[in-house]
Amino acid sequence: MSFQHLEWLFPEVVALHNAEEALWLPGWSKQGGRWRRPVASGVFFFAVTILTILIFILTGLSLRTGRETAWTYLVFGAMAVTLANVLVPHVTVSVATRSYMPGLATGLALNLPVLSVLLLLALRQGYVTGGKAALYSAGVAGLTLLLIPALFKAGKVLNL
């Protein structure tokens, strides 16, 4: 199976994962503790909705432009970041707190296997190349770490 035929699975698993988080994470976050920063439901829903829409748009642009384009590298980077998100924070926090962190189920059942396959296919089939893919992944990770707090702040400003 080709990367391009399976690429739409990326935004679909992200949407399912973000839906699980949107339903359960805000309540979980209010329980306190060192691993939890309280976030309002409306603020969190706003942030994950914007992120999910961005993933759908990036994936569409990648599919439209094809191999070794900036859009495909950005999608690859977003896939790598989303895959890393399974381990940090979901698995790490669940193990550290000995409790379930919302997003763990979809992270392990969907994101981990689907994104592992997609990342391997993208590399093996020449949609991206190693060094450039690693640079884009690091860049997307940095942007994501800036974007999430900015979206939370925007959600608060909008009084969500």
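Each value in this text was obtained by applying a stated rule to the coordinates, not by laboratory testing. These numbers were taken from a predicted model, which means no experiment stands behind them. A quick note on method: Cβ atoms are made from the backbone with ideal geometry, for glycine too, and the neighbour counts reach across all protein chains shown.
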- Message: I'm checking my understanding of the structure. Among residues of the range 94-128 that are over 13 Å from Val75 (Cα atoms) and β-branched (Val, Ile, Thr), which one is surrounded by the most Cβ atoms within 10 Å (Cβ to Cβ)?
- Response: Thr106
- Name the pairs whose Cβ atoms lie under 7 Å apart, with the first residue in the range 130-155 and part of a helix (DSSP H, G or I), the second surrounded by 15 or more Cβ atoms within 10 Å (Cβ to Cβ) and hydroxyl-bearing (Ser, Thr, Tyr), and 6 or more positions between them or separate chains? Lys132/Tyr73; Ala133/Tyr73; Tyr136/Tyr73
- Per-region count, the range 72-92, residues buried (at least 18 other Cβ atoms within 10 Å of the Cβ) and more than 8 Å from the chain's Cα centre (by Cα): 9
